[in-house]
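Heads up: the structure comes next, in structure tokens.
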Amino acid sequence: TKAQGSVYIEQGQTKIVAAVYGPKEVLKREDFSLKGKVMCEFKYMPFSRANTYSEPRQTFEEKVISKTIAEAMEGVIILSKFPKSEVLISIQMIQDDGGTLSLAMTAASVALIDAKIEVRDLVIGCTIRFYNGGRILVDPTAEEEHTKTSEGAGFHLAVMPSLSQVTALKQAGKIEQAQARECIEACWEGCLRIATAVKKLLEETLGEQPG
Amino acid sequence: VSTQSTGTRLSNAEIQYIVDGVEQDFRSDGRGAEDYRQIELETRILPNTNGSARCKLGKTEVLVGVKAEVVDVDVHAPHIGKLVITADCSAVASPKFVGKGSEVLENDLSNVLSFLYNSTNTIRLKDLCIVKGESCWQLHVDVLFVQCGGNLFDVASIALKAALYNTTLPVVKVSGEGIEMEMEVSDDPYHVWKLDVSNCPICITLYQIGGGFAVDPSEEEVACSEGFVHIGVQPNGDMSSMEKAGAGNIDPTTLLEMVEVGVRVGEEIHKQLNKQLDAEKSLAKL
């Protein structure tokens, strides 16, 4: 592959490929800045979802996800190390079976490490589905995610495990304030468990500890 | 510098001053971290719309217009109506918004506002259905930013709720069935019905500035912030949505504090807003 860093990640039936190109020189003169820029392009493959056909152009939803991931990565990459340059993260969703945003975050972060771009820490994402009545389902499948929003909420959280910081958070559906705390804690735990597995893999393949 | 700022430049000393102020709960204009500036709200100002509102907060001014049209129902959701929220940054607000300059910000705003109304807990789209499987009302909500002075999302959401509150839709009489079905949209300006906005959320955005956080920042404060959280707060204290945005990471304890403050402030604003909207309604009997 021609990318500086790439990763293929599977969580259950959800499959994602992420590639990182950069740091590349920014050609437009007006984009000069002392810090690097992060661009992210997230795309659902046309065959990735069960009931919808994804168009070749980026839809509104995909642009939103791209932006969330770009902003999350901006907080993690040490941008001052490459001024006047940009990093392009390209994420393709090959199969969607739930937990897309979180897995995409994890994929982007591992790809960045594979590309040897300096980051403060890993970013691990975890999704939970919260049901009215207090039941929490960690890492839901697409079927479990698409219950009606009036009956619960979906919660995506991306964290930096060693530094204990939240890089991204998204909640849709109704929850009460007290339940928010439970959701965040459940997500956090999920993230830490995934983190240990990812760190082990990185040690084996790259032979170095991140951060 | 987040995308919201329209180019404020600050010296390091100013940044330090603002950050210290927020951390000590005493900001540059004397407010505490949880205080909003005075909100001005006017409704029913655009006669060609079904509902409208103008909201001004500090230097930010927003116009919201709601227009309704009868459309075919969405194949995937034949029993509900549609709500389309779009944001537009007028070139009047800043020279950066001329042409395509405001596209990123507009997408951001449209997305956050639409996400606020993402669940059926917020607005009953079923009420907008005219004939199940055939026709429904589509509400086009257009948010126009006339002036941008920080805290765009919150102001827009307040104006949105106010506009939806006074949105009137004509009564539709459906007669006949199948091919002979006829829909008669009433011409009578007094034969209308209003949406139930009792669960509509407003967006409270909390910006992380240094080691503390604040609501309703001025433009200068936005330029000093790293990361912010949008919380969609409903009148009863539930959260309809939550999103962290902006470059910058947030500590989990800070996050939980932000949630608590956001909900508290949101409930208070809802109370005040509902009080004013009810008062206005009683002044002008339709």
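The values are calculated or read from the model by the stated rules, or taken from the named source; none is laboratory data. Quantities reported herein were computed from a predicted structural model and do not represent experimental measurements. Note that we place each Cβ from the backbone using ideal geometry, even for glycine, and neighbour counts take in every protein chain shown. These accessible areas exclude ligands, DNA and RNA; they are computed on the full protein's heavy atoms, side chains included. Shrake-Rupley method; radii C 1.70, N 1.55, O 1.52, S 1.80 Å.
Output the residues belonging to region A:90-111 that are of a type in the set (S, T, N, Q) and either open to solvent by less than 20 Å² (accessible area, probe 1.4 Å) or in a loop (DSSP other than H, G, I, E, B) (or both).
Those that are of a type in the set (S, T, N, Q) and either open to solvent by less than 20 Å² (accessible area, probe 1.4 Å) or in a loop (DSSP other than H, G, I, E, B) (or both): A:Thr100, A:Ser102, A:Thr106, A:Ser109.
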Could you list, in sequence order, the residues of region A:74-89 that are within 12 Å of A:Glu118 (Cβ to Cβ) and in a helix (DSSP H, G or I)?
A:Leu79, A:Ser80, A:Lys81
Since B:Ser114 meets every condition but one in (1) assigned to a helix (DSSP H, G or I); (2) over 22 Å from B:Val73 (Cβ atoms); (3) within 14 Å of another protein chain (Cβ to nearest Cβ), which condition does it not meet?
(2)
State yes or no: is B:Glu257 in a loop (DSSP other than H, G, I, E, B) and more than 7 Å from every other protein chain (Cβ to nearest Cβ)?
no
From the residues in region A:178-197 that are under 14 Å from A:Gly134 (Cβ atoms) and facing another protein chain (nearest Cβ under 7 Å), which one is most open to solvent (accessible area, probe 1.4 Å)?
A:Arg181
Any residue at all in region A:133-148 that's open to solvent by less than 50 Å² (accessible area, probe 1.4 Å), part of a strand (DSSP E or B) and facing chain B (nearest Cβ under 9 Å)?
no
Any residue at all in region B:180-189 that is buried (at least 23 other Cβ atoms within 10 Å of the Cβ) and either away from every other protein chain (no Cβ under 14 Å) or at pLDDT 85 or above (or both)?
no
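If you go through region B:69-100 one residue at a time, how many are part of a helix (DSSP H, G or I) and open to solvent by less than 50 Å² (accessible area, probe 1.4 Å)?
Qualifying residue count for the region: 1.
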Taking only region B:117-138 into account, find how many residues are out of contact with any helix residue (DSSP H, G or I) (no Cβ under 9 Å at 6 or more places or on another chain), outside any helix (DSSP H, G or I) and within 12 Å of another protein chain (Cβ to nearest Cβ).
1
Set B:Gly58, B:Gly32: member being over 20 Å from the mean Cα position of the chain (by Cα) and open to solvent by less than 40 Å² (accessible area, probe 1.4 Å)
B:Gly32
The condition of being within 14 Å of another protein chain (Cβ to nearest Cβ) and farther than 30 Å from B:Gln234 by Cα holds, among A:Met73, A:Met105, only for A:Met73
Per the list (1) more than 10 Å from every other protein chain (Cβ to nearest Cβ); (2) of a type in the set (S, T, N, Q); (3) buried (at least 23 other Cβ atoms within 10 Å of the Cβ), residue check on B:Ser240 breaks on (1)
For the condition of a type in the set (Ser, Thr, Tyr) and at pLDDT below 85, what is the one hit in B:Ser119, B:Ser90?
B:Ser119
Quick one: which of B:Val192, B:Val265, B:Val197 is over 20 Å from the mean Cα position of the chain (by Cα) and either within 14 Å of chain A (Cβ to nearest Cβ) or of a type in the set (A, V, I, L, M, F, W, C) (or both)?
B:Val192
